[in-house]
1. Conditions: (1) on the phi > 0 side of the Ramachandran plot; (2) touching a strand residue (DSSP E or B) at 6+ places or on another chain (Cβ under 9 Å). Val143 meets all but one. Number of the miss?
2. Sort through Val143, Val165 and tell me the only one that's out of contact with any helix residue (DSSP H, G or I) (no Cβ under 7 Å at 6 or more places or on another chain), outside any loop (DSSP other than H, G, I, E, B) and surrounded by 14 or more Cβ atoms within 10 Å (Cβ to Cβ).
3. Considering only the stretch 10-50, state which residues are open to solvent by 20 Å² or more (accessible area, probe 1.4 Å), small (Gly, Ala, Ser) and either farther than 29 Å from Lys176 by Cα or not in a loop (DSSP other than H, G, I, E, B) (or both).
4. What number of residues within the stretch 88-105 are under 22 Å from Val21 (Cα atoms) and either within 15 Å of the chain's Cα centre (by Cα) or among the β-branched types (Val, Ile, Thr) (or both)?
5. For the stretch 146-155, give me the residue count where each residue is in a loop (DSSP other than H, G, I, E, B) and open to solvent by 60 Å² or more (accessible area, probe 1.4 Å).
6. Here is a list: Leu158, Leu71, Leu77. Which entry is part of a helix (DSSP H, G or I), in contact (Cβ under 8 Å) with a residue 60 or more places away in the chain, open to solvent by 10 Å² or more (accessible area, probe 1.4 Å) and at negative phi?
7. Search the stretch 162-180 for residues that are aromatic (Phe, Trp, Tyr) and pair each with any residue that is in a helix (DSSP H, G or I) when their beta-carbon atoms are under 8 Å apart and the residues are at least 6 apart or on different chains.
8. Being in contact with a strand residue (DSSP E or B) (Cβ under 6 Å, 6 or more places away or on another chain) and either outside any helix (DSSP H, G or I) or among the β-branched types (Val, Ile, Thr) (or both) is the filter; apply it to the stretch 112-131 and report the residue that is surrounded by the fewest Cβ atoms within 10 Å (Cβ to Cβ).
Amino acid sequence: MKKVAVLLANGFEEIEALTVVDVLRRAKIECDMVSIDKENVSGSHNIEVKTDKLLGEDIKKYDMIVLPGGLPGADNLANDKRVIEVLKTFNNDKSKYIAAICASPAIVLPVAEIECNKYITSYPDANYEERLKNGNYVDELVVVDGNLITSRGPATTLLFAYKLVDILGGDSKVLKEGMLWNKLEEEC
């Protein structure tokens with residue numbers, strides 16, 4: 001069974017982190033909320049979350065790392081040397097995945113030099129697009145390039161999470177029906 005670690009730092013975007021955890025767990029994919037600092041982490045909208053684990057050596061046993069956005073959460077992830085090292089390790093192992101949403105593609109991935117020559121998206125902000133100048137910025141909701149999956153922001157989180165389910169071998173179609181996503185698609 002695939003294992004996913006959603007990395008949390010103070011100031012993370014709650015929707016992006018918790019929706020991914022919820023959807024992956026619904027898909028019966030093992031998903032842990034992993035704090036880079038302490039057990040309880042406060043999101044960018046002051047929602048405190050008790051994480052499952054603290055960042056340690058066992059992080060390398062996961063199949064996917066997910067980086068939620070949010071400020072200053074993305075900055076806190078980018079400033080943690082352990083996070084950057086594990087991202088570099090995952091990037092060099094093509095059987096591992098890195099998923100980032102909102103501010104994290106533009107703030108965290110360049111520090112780990114992961115955006116280079118990759119198709120990538122992030123929150124639509126000129127400063128973020130400039131930070132991704134070594135990548136090929138794409139104006140799409142979810143972008144997959146090899147072992148890298150990126151997405152735009154809070155409103156795209158369900159699409160992002162469903163894509164992660166599919167990549168990890170799950171069936172997002174069943175989840176979409178159970179969560180009424182198919183009804184939303186019919187209305188639009």
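1. Condition (1) is where Val143 drops out.
2. When all the criteria are applied, what remains is Val143.
3. Ser42
4. Residues flagged as under 22 Å from Val21 (Cα atoms) and either within 15 Å of the chain's Cα centre (by Cα) or among the β-branched types (Val, Ile, Thr) (or both) within the stretch 88-105 amount to 12.
5. Qualifying residue count, the stretch 146-155: 0.
6. Details: Leu71 fails: part of a helix (DSSP H, G or I); Leu77 fails: open to solvent by 10 Å² or more (accessible area, probe 1.4 Å).
That would be Leu158, the only listed residue that is part of a helix (DSSP H, G or I), in contact (Cβ under 8 Å) with a residue 60 or more places away in the chain, open to solvent by 10 Å² or more (accessible area, probe 1.4 Å) and at negative phi.
7. Close Cβ pairs (under 8 Å, with a partner that is in a helix (DSSP H, G or I)) amount to Tyr162/Val23; Tyr162/Ser172; Tyr162/Leu175; Tyr162/Lys176; Tyr162/Trp181.
8. Applying the filter and picking the extreme gives Tyr119.
The values are calculated or read from the model by the stated rules, or taken from the named source; none is laboratory data. Predicted, not measured: the structure shown is a model, and the values here were computed from it. Glycine gets a Cβ as well: all are built from the backbone with ideal geometry, and neighbour counts include every protein chain shown. Surface accessibility is based on the protein's heavy atoms, side chains included, excluding ligands, DNA and RNA. Shrake-Rupley method; radii C 1.70, N 1.55, O 1.52, S 1.80 Å.
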